[in-house]
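The values are calculated or read from the model by the stated rules, or taken from the named source; none is laboratory data. Given the structure is predicted, the values throughout are model-derived calculations rather than measurements. With ideal geometry, Cβ positions are generated from the backbone for all residues, glycine too; neighbour counts draw on all protein chains shown. Keep in mind that these areas ignore ligands, DNA and RNA; they rest on the heavy atoms of the full protein, side chains included. Shrake-Rupley method; radii C 1.70, N 1.55, O 1.52, S 1.80 Å.
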Amino acid sequence: MSDELVRVESLTVRYGDQTAVDRLSFDVRRGEMFGLIGPDGAGKTSTLRALLGLLVPASGTLATCGLEPRRDRRQLASRVGYLSQRFSLYGDLTVDENIAFFAEVHGVRGWKPSRDRLLEMVRMTPFRRRLADRLSGGMKQKLALACTLIHTPELLVLDEPTTGVDPVSRRDFWQLLGELRAEGLTLLLTTPYLDEAERCQRVALVHEGRLLALDDPNRLREGAPGVLFEVVARPRREAIEALSRQPGIDDVEVFGERIHAYAPSLARAAGSAEAENLSRRLSGQGLEVLSLQPVLPSLEDLFIQRIRSEAQP
């Protein structure tokens with residue numbers, strides 16, 4: 001059995017004169033949670049649709065579960081679960097009836113034990129007789145997940161599954177995805193939330209249809225060039241302006257009370273010494289420096305750095 005469940009080679013998708021996906025390549029390994037990460041318009045949904053045989057790419061080679069998506073769509077439907085941004089639940093059916101409907105659509109026999117197990121897994125057994133229209137947004141997503149899993153797919157594809165869901169429901173949903181991966185299910189998902197992407201075993205950072213980086217999130221962060229300083233100083237506005245004027249600082253971003261200042265050409269080994277120097281310089285300008293230290297970049301930091309690097313001539 002191949003370790004590779006999804007393969008994308010030089011995928012290009014166009015809508016008229018507009019290129020949505022530009023020679024994108026990546027693979028998804030069996031049993032992993034793989035994230036296709038990027039903002040709206042990055043080409044994430046178009047990539048998923050091509051992998052599911054829902055659109056014809058302009059060029060490139062695709063394999064999903066060992067099948068050619070367009071040619072083998074019928075076979076692929078039985079092996080893949082797809083949770084789209086707007087999954088179609090039937091509001092006038094109960095939770096139980098929605099799952100039963102999707103089981104029958106997929107031709108699943110003896111599905112009742114599976115339905116009961118899935119309802120327990122998504123913690124919706126107490127609501128099984130409630131109409132889908134009367135569920136909260138987070139509960140609807142959990143029901144949609146149960147419907148998607150009723151035919152026991154080997155690959156679960158999720159397109160921004162937590163967009164518009166409250167923070168508590170987002171956390172619960174990600175816990176469910178982690179449990180599914182622990183059971184051996186392979187997950188391919190898209191999300192615009194870079195904090196969610198940290199949970200994936202590997203991620204592909206995508207911008208304007210092009211691949212910026214592909215690796216384990218921790219390796220991407222550890223391998224980032226330069227040094228990122230995390231600063232807490234008062235007054236904050238003056239601190240931001242002062243940091244922007246410091247030699248070697250190329251970019252300053254604000255994250256709540258914290259300020260991130262990026263020094264792209266500074267060696268990692270020199271980070272602690274330069275942090276002390278930078279703190280003294282800021283204090284010398286009348287700022288109260290509460291904290292200043294080198295930190296590993298988050299995926300959000302890394303993504304911003306890569307996009308700006310691409311934009312430079």
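Here is how the numbers come out for the structure above:
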item	result
Residue 13 being open to solvent by less than 70 Å² (accessible area, probe 1.4 Å), in contact with a Leu (Cβ under 6 Å, 6 or more places away or on another chain) and assigned to a strand (DSSP E or B)	no
Meets criteria (closer than 20 Å to residue 192 by Cβ, at pLDDT 95 or above and open to solvent by 70 Å² or more (accessible area, probe 1.4 Å)) for residue 23	no
Helices (runs of 4 or more DSSP H) wholly inside segment 160-262 containing at least 1 residues that are in contact (Cβ under 8 Å) with a residue 60 or more places away in the chain and of a type outside the set (D, E, K, R)	167-182, 194-197, 217-222
Single condition residue 251 does not satisfy, out of (1) among the acidic types (Asp, Glu); (2) over 30 Å from residue 209 (Cβ atoms); (3) touching a strand residue (DSSP E or B) at 6+ places or on another chain (Cβ under 7 Å)	(2)
Selection within segment 181-197 - in contact with a strand residue (DSSP E or B) (Cβ under 9 Å, 6 or more places away or on another chain) and farther than 12 Å from residue 161 by Cβ	181, 185, 186, 194, 197
Candidates 244, 265, filtered to the one that is modelled with pLDDT of 95 or more, within 22 Å of residue 300 (Cα to Cα) and hydroxyl-bearing (Ser, Thr, Tyr)	244
Meets criteria (open to solvent by 10 Å² or more (accessible area, probe 1.4 Å), over 14 Å from residue 304 (Cα atoms) and not charged (D, E, K, R)) for residue 214	yes
Flag if residue 109 is without any contact (Cβ under 8 Å) to a residue 24 or more places away in the chain, open to solvent by 80 Å² or more (accessible area, probe 1.4 Å), in a loop (DSSP other than H, G, I, E, B) and not polar (S, T, N, Q)	yes
Residue match in segment 67-78 (condition: polar (S, T, N, Q) and over 26 Å from residue 165 (Cβ atoms))	yes
Subset tally (residues that are at pLDDT 95 or above, more than 16 Å from residue 249 (Cβ to Cβ) and either surrounded by 15 or more Cβ atoms within 10 Å (Cβ to Cβ) or among the small types (Gly, Ala, Ser) (or both)) for segment 285-308	2
Subset of segment 62-79 [over 23 Å from the mean Cα position of the chain (by Cα) and either part of a loop (DSSP other than H, G, I, E, B) or within 20 Å of residue 12 (Cβ to Cβ) (or both)]	66, 68, 70, 71, 72, 78
Hits in segment 217-235 - residues which are over 16 Å from residue 260 (Cα atoms) and surrounded by 18 or more Cβ atoms within 10 Å (Cβ to Cβ)	217, 220
Filter pass, residue 64 being polar (S, T, N, Q), under 28 Å from residue 142 (Cβ atoms) and either open to solvent by 60 Å² or more (accessible area, probe 1.4 Å) or touching a strand residue (DSSP E or B) at 6+ places or on another chain (Cβ under 8 Å) (or both)	yes
Residue count for segment 195-215, restricted to those that are at pLDDT below 95 and basic (Lys, Arg)	1
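A quick yes/no check of all residues on (1) surrounded by 15 or more Cβ atoms within 10 Å (Cβ to Cβ); (2) part of a helix (DSSP H, G or I):
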site	(1), (2)
42	yes, no
88	no, no
96	yes, yes
100	yes, yes
133	no, yes
141	yes, yes
